[in-house]
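Below is one structure; the comments refer to it alone.
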Amino acid sequence: MLRARITGTGSAVPDKVLTNHDLEKLVDTNDEWITTRTGIKQRRIAAENEYTSTFATLAARRALEMANVSPEELDLIILGTVTPDFPFPATSCIIQKELGAHNAAAFDLSAACSGFIYGLNMAEAYIKSGMARKVLVMGAEVLTRIVDFADRNTCILFGDGAGAVVVEADSAEQGILSSHIFTNGTHWGLLYQPGCGGRNPATAANTFTDKLHYLRMEGNEVFKHAVRAMGDAAVAALEHNAVTADDVSLLIPHQANRRIIEATGKRVGIPEERIFVNLHKYGNTSSASIPLALDEANREGRLKSGDLVLLDAFGGGFTYGSVLLKW
């Protein structure tokens with residue numbers, strides 16, 4: 001039986017760092033307040049000449065190098081993002097050109113912070129069906145372009161960056177054991193970007209005066225739904241594979257908020273020492289957060305052959321999902 005196996009990981013973040021102390025100069029907040037409520041100490045900010053494609057391309061090159069796969073060998077490129085370079089064409093098409101992956105089909109998908117999990121789910125389906133053998137899956141964002149830095153409730157949370165993995169067809173025991181994606185559209189209005197789409201186009205007179213181009217979030221409500229959904233998604237993966245939380249070597253959750261991560265760990269039954277966290281360095285990078293964390297964990301030697309690794313995400317939509325893989 002063919003499995004979809006991750007053979008290479010990569011990540012990239014901007015050089016510019018925005019600390020909590022820097023934010024104290026912009027809005028009414030302070031380092032202690034931010035750290036206590038979110039666990040975030042700093043985040044990365046893209047320069048004016050840096051875009052989602054900039055970081056995704058660099059992360060992809062690093063993943064391809066680790067996997068020892070040339071761009072020409074790729075069959076498919078999938079990018080999860082809510083901050084594409086343009087409304088169209090898909091940013092993955094730009095990345096395809098930059099990499100020289102001329103034989104790969106390419107498309108973007110929009111599942112907010114669950115974008116990478118959705119992308120892995122699709123890569124697994126393509127590989128198991130025989131429609132592809134080598135797939136590049138990425139999550140990349142420049143969220144600071146759609147954050148209102150006068151709103152202290154949201155500007156403290158988000159950062160920019162990218163992560164990527166190469167997924168290959170393999171008959172070994174290692175690879176994705178199962179992937180699970182879910183949607184609850186009932187609550188889509190709790191986390192969204194109201195402007196610059198078909199309902200409130202960028203050309204409308206009030207788009208910028210009413211700040212419709214910035215993301216909006218009902219933080220307390222999102223928190224409650226996130227903990228429940230991430231817990232449900234994690235349990236779905238464990239039950240599907242007839243394993244328990246004790247069997248999981250490492251949980252790599254979406255890096256949204258330290259409290260959400262801790263609550264999810266308790267709900268699933270995975271202790272803090274087996275949960276990988278790096279949001280203190282990067283903040284919430286949406287679809288980039290899990291692949292960025294996965295690459296860091298990999299390069300730090302936290303992932304050993306045969307380990308069960310659980311990926312778990314929740315995002316606007318609401319979308320949520322999980323992947324259980326054997327490293």
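The values are calculated or read from the model by the stated rules, or taken from the named source; none is laboratory data. No experiment lies behind these values; they were computed from the predicted model shown. When we count neighbours, we look across all protein chains shown, and the Cβ atoms used for this are built from the backbone with ideal geometry, even at glycine. Ligands, DNA and RNA are excluded from the accessible area calculation, which covers all protein heavy atoms including side chains. Shrake-Rupley method; radii C 1.70, N 1.55, O 1.52, S 1.80 Å.
When peptides 166-176, 56-66 are ranked by their average number of other Cβ atoms within 10 Å per residue, the highest-first order is 56-66, 166-176. Residues VAL227, VAL17, VAL135, ordered by accessible area of protein heavy atoms at a 1.4 angstrom probe radius and largest first, appear as VAL17, VAL227, VAL135.
Note on the chain: dipole from Cβ charges, positive end direction compared against ILE94, ILE78, GLY195; the farthest Cα belongs to GLY195. Charges were assigned to the Cβ only: +1 to each Lys and Arg, -1 to each Asp and Glu. The resulting dipole of the range 99-192 about its Cα centre is roughly 120 debye.
Set the bar at 23 Å for Cα to Cα. Now go through LYS224/LYS304; LYS25/LYS281; LYS25/LYS211; LYS16/LYS97; LYS16/LYS134; LYS41/LYS304 and name every pair that lies beyond it. Listed pairs above 23 Å: LYS224/LYS304; LYS16/LYS97; LYS16/LYS134; LYS41/LYS304.
With bins 10 Å wide beginning at 0, the percent of Cα pairs of the range 1-137 falling in each bin runs 11, 35, 29, 16, 7, 1.
Taking the average, over residues, of other Cβ atoms within 10 Å as the packing measure, peptides 38-50, 210-222 rank 38-50, 210-222 from highest down.
Normalised radius of gyration (Cα atoms, divided by 2.2 N^0.38 Å) for the chain: 0.94. Partners of LYS266 within straight-line reach, counting aspartates and glutamates whose Cα lies under 16 Å from its Cα and excluding those fewer than 8 residues away in the same chain: ASP232, ASP246, ASP247, ASP312. Full extension of the chain segment joining SER171 with THR186 gains 1.4 nm, where the gain is 0.36 nm per residue of separation less the Cα-Cα distance.
Across the range 276-287, rounded Karplus estimates of 3J(HN,Hα) from the backbone phi angles (6.51 cos²θ - 1.76 cosθ + 1.60, θ = phi - 60°) give 8, 10, 9, 5, 4, 9, 10, x, 8, 9, 6, 5 Hz, Gly and Pro being marked x. Taking Cα centre as origin and charging only the Cβ of basic (Lys, Arg, +1) and acidic (Asp, Glu, -1) residues, the dipole magnitude of the chain rounds to 220 debye. Note on the chain: dipole from Cβ charges, positive end direction compared against THR52, ILE275, VAL243; the farthest Cα belongs to VAL243. Over the chain, dividing the summed -39,500 (n - 2.57) contributions of all DSSP H runs of at least 4 residues by the number of residues returns a 222 nm mean residue ellipticity of -9500 deg cm²/dmol.
Comparing ASN206, ASN257, ASN298 in a Gaussian network model of the chain, where Cα atoms under 10 Å apart are tied by springs, the biggest mean-square fluctuation is seen for ASN206.
Comparing ASP15, ASP108, ASP148 in a Gaussian network model of the chain, where Cα atoms under 10 Å apart are tied by springs, the biggest mean-square fluctuation is seen for ASP15.
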